[in-house]
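The values are calculated or read from the model by the stated rules, or taken from the named source; none is laboratory data. It should be emphasised that the depicted structure is a prediction, and the values quoted were computed from it without experimental measurement. Note that each Cβ is placed from the backbone with ideal geometry, even for glycine, and that neighbours are counted across all protein chains shown.
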Amino acid sequence: MTRTNWDLMISGKELSSEKNSRKKLYISQKILSKDLPEYIDAGWEKAKDFKNPKYVGITKEKPVGDQFEDRIWMLFANMGFSALNAGKDFSMAYDFRNDDQRERISVMAVDDETILIVSCHASEAMIEYSFAEEIEVFSGKISGLRKEALKQYPGRKTKFIWATHNYISNRRDLALLDKEGIAYFSESTIEYYSELAKHLGSCSRYQLLGNLFANQEIKNMDDRVPAIQGKMGGYTYYSFSIEPEKLLKIGYVLHRSEANKNMMPTYQRLIKKKRLQEVRGFINEGGYFPNSIIISIDTNGKGLNFDQASAKVDSTISKIGILHIPKRYRSAYIIDGQHRLYGYSDSMYASSNTIPVVAFVDLERSEQIKLFMDINENQKAVPKSLRVTLNADMLWESNDYSERRQALRSKIAQMLGEETTSPLHSRVVIGENESTPDRCITVEAIQSALRKCRFFDAYGKKNVLQRAGTFDCGDNQETCDLFYPFIEKCLLYIRRACLSEWDKGDRNSGMLTMNRGIQAVIRVIDDIVNMLVDKGMITPKAQELDDMFGLIQYYLKPLTDYINALNAEQRKDLRGYFGGGADTRFWRAYQKAIADARPDFQPEGLEEYWQNETKIYNDETKSMLREIESKLKNIISGRLEEYFGDSWLIKGLPKPIYTRVKNEADEAIYEYVSNNGEEIEIPIWNYITLADCKQIVLNGKNWSSFFEDTLVRPEEINLAGGKDPKTDWIIRLNTITNKLQKDSYSVPVDEYSYVKSIYEWVMGILVF
């Protein structure tokens, strides 16, 4: 006699009632009023009064574990599984010799063809944990659980799933799950399927089953369709019409998502709910789409059976007949038309209409991507983030080695966002994922950081090697296999050491897990590697990761200490920079944090950068500029007045400048007299700027008559181009003056030296 409580498996109307309970985040209870204090102490809250004061209603948030199980349960319910377990007490016997040996099952979902058995594991906060022992124990029960399930639901395919919430997975656990044939559902996997179910309803189940049971047979499906065979672009294709429900069963959309990361390259945009609703409404009102859905049928190289009809047309190479399509999950990849196809999900016309299809056979994934890109070129633009990843996939084996390394950088960025072992898992905006305060790092930002690093080979024209990379093995895949575990380990170390900062994302002045922060971290890691390689202390291509990581960690620790100690003012200073200078500021600040604690770490340009950023030259530069301006104006006014006499302002200045400065002086006089009641004289010459000086010097015959012999720097006497470039020093000084109006500006050493050289020259000019 079995001890499995099959009575807790429910279907039909019972599912609706269970849904109402599962979707709530709180549990409620009616108790005696006198017992309320006891319940309050146990974490309950009073929620309701009854007419009979003898009773009160109380509520309490469900434990995290229960909420997670409910989320998984609701996912499968929304996908249209016909039978699921009720409550939290469902358990199954797994030892036929001893029915008392039972395993509690978090979620069990059943449809006409499949059984899914899920083991859920949730933590209140994000933690690192190894499930190796639990997985081994669970895997030992799988055979018995499968036999028990098939007794109740014979003839079905069975899949076991390990689902986690707030756990950072590790490679050992993932390898063990894979070995035992257990599917792993990470948080992002669950998020993807939940969104898909919300958009597609019950037909989303086929996307799930296509992943879990890829290439396994779909029972009770007729595989024959009338078709025309033709050739296009060197490929054989078939044109036919098919009921949407059939194509939904065998079809698969290669969305760029966690669920499909093992099927790279993937290329499809995520289905938009609004657009899908519009399409479905259009269909249900009798609308139709005459253009064909484009698919690639995967036969694993075996090809398709095509029964050619006896009737034929001699004037065409096309053939008519009966095509035998695979009746297998995930055998038809939807290249174009996913909204049109899924618009028929839950539609009254899913089985009574047919849709036109153009099917290629065993189309290479790169060709699918090219076809997808070509089709969408003149339609709705492919988003930049998706286009970046698609281009990278197509460039992986490019004949241009620079393009190959571009693809490699993109691959690393994607892996950091998609690999469940990565500390940046679900923190990188990939494909059409929406940006959030947590997921705010772009693929482009990581690519940019890697491009500035020396990890990979750099090539010039004709694939000429310009610089060897510290981790480059010559082959993209080998290089990726070597480098990715390294960068992941580095970031994991930083995450552990700066957990609070890491979790901020772009909130609360976060400094790590946003574009500038992660770019700076990657570049600093590169700086450390370069120093250690140059000193012969590590050999990344020949040394085990664990053997060299101790040294890497030694130099990373001061960085983590610095980040953990950042105060509000320091955060404001760093985050207050904009443009390209902001990226550099973060990087140099992180470099300096390490250099201050490890004096042997002195990256090129670091000392000079901070000399330029400490404002040590600001006051002296301002003082010299004031004196230069005063001396220059004295020289100009003296020469003009000497020649033109009292009318020198009118005869010596360009009319626009004269008019402007006179108006400014008159305005100042007016304001002063209005406020003070006293007459005052303000020379219009006071309002002449350095920029004005150049125009005055070059006005009319002023240059040749008064200034050519005086205001040309000795080192620029032979400068080509005439008077204009010979007086550009005035404009450059004016630019520096304007920059110094900003409190944040720090005069770099090269500008200070330039101003000083002008100062020494101008101060030596005699005033006549």
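Exactly one residue among F372, F360 is modelled with pLDDT under 75, within 23 Å of K231 (Cβ to Cβ) and surrounded by 20 or more Cβ atoms within 10 Å (Cβ to Cβ), and that residue is F372. Each residue in segment 601-614 was checked for being in contact (Cβ under 8 Å) with a residue 60 or more places away in the chain and surrounded by fewer than 14 Cβ atoms within 10 Å (Cβ to Cβ), and 2 of them qualify. Here F81 meets each of (1) assigned by TED's automatic domain parsing to the domain that holds E103; (2) outside any helix (DSSP H, G or I); (3) without any contact (Cβ under 8 Å) to a residue 24 or more places away in the chain with one exception, condition (3). S410 falls short on exactly one of the conditions (1) polar (S, T, N, Q); (2) farther than 19 Å from V529 by Cβ; (3) at pLDDT 95 or above, and that condition is (3). With respect to the conditions (1) within 30 Å of C498 (Cβ to Cβ); (2) at pLDDT 90 or above, M79 lacks only one, and its number is (1). All conditions but one from (1) free of Cβ contacts under 8 Å to residues at least 24 places away in the same chain; (2) of a type outside the set (A, V, I, L, M); (3) assigned to a strand (DSSP E or B) apply to Y167; the one that does not is (1).
Set side by side, the residues K246, K274 differ, and just one is at pLDDT below 80 and part of a helix (DSSP H, G or I), which is K274.
In this structure, is S744 out of contact with any Phe, Trp or Tyr (no Cβ under 9 Å at 6 or more places or on another chain), among the small types (G, A, S) and surrounded by fewer than 18 Cβ atoms within 10 Å (Cβ to Cβ)? So S744 does not fit the description; no.
Give, as residue ranges, the strands (runs of 3 or more DSSP E) completely inside segment 1-75 that count at least 3 residues that are at pLDDT 90 or above and under 23 Å from M126 (Cα atoms).
none
Can I142 be described as under 25 Å from H425 (Cβ atoms) and among the hydrophobic types (A, V, I, L, M, F, W, C)? No. Taking (1) surrounded by 20 or more Cβ atoms within 10 Å (Cβ to Cβ); (2) closer than 30 Å to Y493 by Cβ; (3) under 26 Å from the mean Cα position of the chain (by Cα) in turn, Y193 satisfies each apart from (2). Within segment 528-537, the set of residues being in contact (Cβ under 8 Å) with a residue 40 or more places away in the chain and surrounded by fewer than 23 Cβ atoms within 10 Å (Cβ to Cβ) comprises N530, M531, V533.
Number of residues in segment 689-741 that are in a helix (DSSP H, G or I), in contact (Cβ under 8 Å) with a residue 60 or more places away in the chain and β-branched (V, I, T) equals 5. Among the residues of segment 559-584, just one is crowded, with 16+ Cβ neighbours inside 10 Å, without any contact (Cβ under 8 Å) to a residue 60 or more places away in the chain and either closer than 20 Å to C453 by Cβ or touching a strand residue (DSSP E or B) at 6+ places or on another chain (Cβ under 9 Å) (or both), namely T584.
Here is a check on your reading of the model: is D692 surrounded by 16 or more Cβ atoms within 10 Å (Cβ to Cβ) and within 22 Å of S630 (Cα to Cα)? For D692, the condition - surrounded by 16 or more Cβ atoms within 10 Å (Cβ to Cβ) and within 22 Å of S630 (Cα to Cα) - is met.
Yes/no matrix, rows are residues, columns are (1) surrounded by 18 or more Cβ atoms within 10 Å (Cβ to Cβ); (2) among the β-branched types (V, I, T); (3) assigned by TED's automatic domain parsing to the domain that holds L450:
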site	(1), (2), (3)
K504	yes, no, yes
G517	yes, no, yes
T539	no, yes, yes
E544	no, no, yes
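For segment 621-679, filtered to residues that are outside any helix (DSSP H, G or I) and under 59 Å from the mean Cα position of the chain (by Cα), the residue that is surrounded by the fewest Cβ atoms within 10 Å (Cβ to Cβ) is P654.
Got a sec? Which of A597, A593 is surrounded by 17 or more Cβ atoms within 10 Å (Cβ to Cβ), touching a helix residue (DSSP H, G or I) at 6+ places or on another chain (Cβ under 9 Å) and aliphatic (A, V, I, L, M)? Sole residue among the options that is surrounded by 17 or more Cβ atoms within 10 Å (Cβ to Cβ), touching a helix residue (DSSP H, G or I) at 6+ places or on another chain (Cβ under 9 Å) and aliphatic (A, V, I, L, M): A593. Does segment 116-127 contain any residue that is crowded, with 20+ Cβ neighbours inside 10 Å, outside the structural domain of S91 (by TED's automatic domain parsing) and touching a His at 6+ places or on another chain (Cβ under 9 Å)? Checked against the condition, which is being crowded, with 20+ Cβ neighbours inside 10 Å, outside the structural domain of S91 (by TED's automatic domain parsing) and touching a His at 6+ places or on another chain (Cβ under 9 Å), segment 116-127 yields no hits at all.
For segment 610-632, check the following and say yes or no: at least one residue is touching a Ser or Thr at 6+ places or on another chain (Cβ under 7 Å) and among the acidic types (D, E). Yes, segment 610-632 has at least one match.
Scanning segment 454-487 for residues being assigned to a helix (DSSP H, G or I) and crowded, with 21+ Cβ neighbours inside 10 Å gives a total of 3. Regarding Y745, is this residue in contact with a helix residue (DSSP H, G or I) (Cβ under 6 Å, 6 or more places away or on another chain) and either small (G, A, S) or in a loop (DSSP other than H, G, I, E, B) (or both)? It is true that Y745 is in contact with a helix residue (DSSP H, G or I) (Cβ under 6 Å, 6 or more places away or on another chain) and either small (G, A, S) or in a loop (DSSP other than H, G, I, E, B) (or both).
Within segment 96-143, being in a strand (DSSP E or B) and among the hydroxyl-bearing types (S, T, Y) holds for T114, S119, S123.
Hey, among S315, S351, which residue is of a type in the set (G, A, S), in contact (Cβ under 8 Å) with a residue 60 or more places away in the chain and either surrounded by 14 or more Cβ atoms within 10 Å (Cβ to Cβ) or in a loop (DSSP other than H, G, I, E, B) (or both)?
Details: S315 fails: in contact (Cβ under 8 Å) with a residue 60 or more places away in the chain.
Only one candidate passes the filter, namely S351.
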